[in-house]
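K.L.:
Dumping the structure here so I can ask a few things about it.
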Amino acid sequence: TGTAANNYISDDGFLYAISYAEPSDGVTPSTVNTDYSKLEIKVRLSMNEHLKLMIAANHVENLATQEEAETGEDNKKIMTPLRVMQSIKKFVENKFVSIAGNETIGGLKNFRDGLMVNGNNVLTHKGVVTIKYSNADFPTEIASGYITFVRYGDEVQAVFNFKTRIGNDFAKDQSIIWGIAADFQADTSEPQYIGITSTGGTTSIVKFTAGGSTLTAHSILLKDTWYAGTVTYLAKNKL
């Protein structure tokens, strides 16, 4: 019973028992003989009180309101799944950019690796994007020089300045640049022809092939000759 238990069980949960024996006469020690010991522990649990505690824990007064969930300061209220979602939604509001929906973003954002819209690169605030092809990108028949593509908006300007090798002419239909970067390809379903001028004053023709991904010679380019020219065209990948 509770009264009996109080005599043996301390507040810190230890069980104590006392055994009595005749005192020693100084020669013969005191002796305690135990033939049988039995310990019975009975626990009485009131289901009524237990259920009351469970009900109280989930009572409407102990459930967080939307305002309490969004404020996030009360550490005693219980959060339902709805309140958890409301709390998260409030927390990220005006802090993060969502994957869907219209939003106005304030402040300066530095996109280190670039920015794309619908798969196309967006121009930087300077408005100019440049790519340059040189010796390492050309076939061996070109000795030196460069071809530079400068894009502004949807327009691309190509600047030619290169020299053919001494040994052989550059053959017609031979590729000068194969695989022009996507943002600099010409918007053309048919070959687009470009005139370039040699140092001797003669004009030769190069062309963007259908689709705009390759630049080839449309006429023979004479050996050991510098060629120069400029052309502007519309880019295939529109902004």
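The values are calculated or read from the model by the stated rules, or taken from the named source; none is laboratory data. Computed from a predicted structure; not experimentally measured. Glycine gets a Cβ as well: all are built from the backbone with ideal geometry, and neighbour counts include every protein chain shown.
K.L.:
Collect the residues in region 3-28 that are surrounded by 10 or more Cβ atoms within 10 Å (Cβ to Cβ), modelled with pLDDT of 75 or more and not hydrophobic (A, V, I, L, M, F, W, C), keeping them in residue-number order.
P.N.:
SER24
K.L.:
Collect the residues in region 161-218 that are closer than 22 Å to LEU234 by Cα, acidic (Asp, Glu) and in contact (Cβ under 8 Å) with a residue 40 or more places away in the chain, keeping them in residue-number order.
P.N.:
ASP183, ASP187
K.L.:
For region 168-204: of the residues being under 46 Å from the mean Cα position of the chain (by Cα), more than 30 Å from GLY114 (Cβ to Cβ) and not small (Gly, Ala, Ser), which is surrounded by the most Cβ atoms within 10 Å (Cβ to Cβ)? Can you show your working first?
P.N.:
Our first condition is that a residue be under 46 Å from the mean Cα position of the chain (by Cα); within region 168-204, this holds for 173-196.
Narrowing further to those that are more than 30 Å from GLY114 (Cβ to Cβ): 173-174, 190-191, 193, 195-196.
Within this subset, residues satisfying the condition of being not small (Gly, Ala, Ser) are 173-174, 190-191, 193, 196.
Details: ASP173: 11, GLN174: 13, GLU190: 10, PRO191: 15, TYR193: 12, ILE196: 23.
Step by step, filter region 168-204, then rank; the result is ILE196.
K.L.:
Still on this model: Which condition does ASP74 not pass, out of (1) surrounded by 11 or more Cβ atoms within 10 Å (Cβ to Cβ); (2) outside any loop (DSSP other than H, G, I, E, B); (3) not polar (S, T, N, Q), if it passes all the others?
P.N.:
(2)
K.L.:
Now, a different point. When you scan region 116-126, do you find a residue that is surrounded by fewer than 11 Cβ atoms within 10 Å (Cβ to Cβ), farther than 18 Å from TYR227 by Cβ and either among the charged types (D, E, K, R) or modelled with pLDDT of 85 or more (or both), even just one?
P.N.:
yes
K.L.:
Separate question: Assigned to a helix (DSSP H, G or I) and out of contact with any strand residue (DSSP E or B) (no Cβ under 9 Å at 6 or more places or on another chain): does that describe LYS89?
P.N.:
Considered against the rule, which asks whether it is assigned to a helix (DSSP H, G or I) and out of contact with any strand residue (DSSP E or B) (no Cβ under 9 Å at 6 or more places or on another chain), LYS89 comes out as yes.
K.L.:
A further question on this structure: Hey, can you tell me all the residues within region 73-87 that are under 17 Å from GLU61 (Cβ atoms), under 28 Å from the mean Cα position of the chain (by Cα) and of a type in the set (S, T, N, Q)?
P.N.:
Once the filter is applied, which keeps residues that are under 17 Å from GLU61 (Cβ atoms), under 28 Å from the mean Cα position of the chain (by Cα) and of a type in the set (S, T, N, Q), region 73-87 yields nothing.
K.L.:
Let me ask something else. Can you work out which of the residues in region 29-64 that are within 46 Å of the chain's Cα centre (by Cα) and at pLDDT 75 or above is surrounded by the most Cβ atoms within 10 Å (Cβ to Cβ)?
P.N.:
ALA64
K.L.:
Sticking with this one: Quick check on region 142-161. Is at least one of its residues outside any strand (DSSP E or B), loosely packed, with under 10 Cβ neighbours inside 10 Å and of a type in the set (Gly, Ala, Ser)?
P.N.:
no
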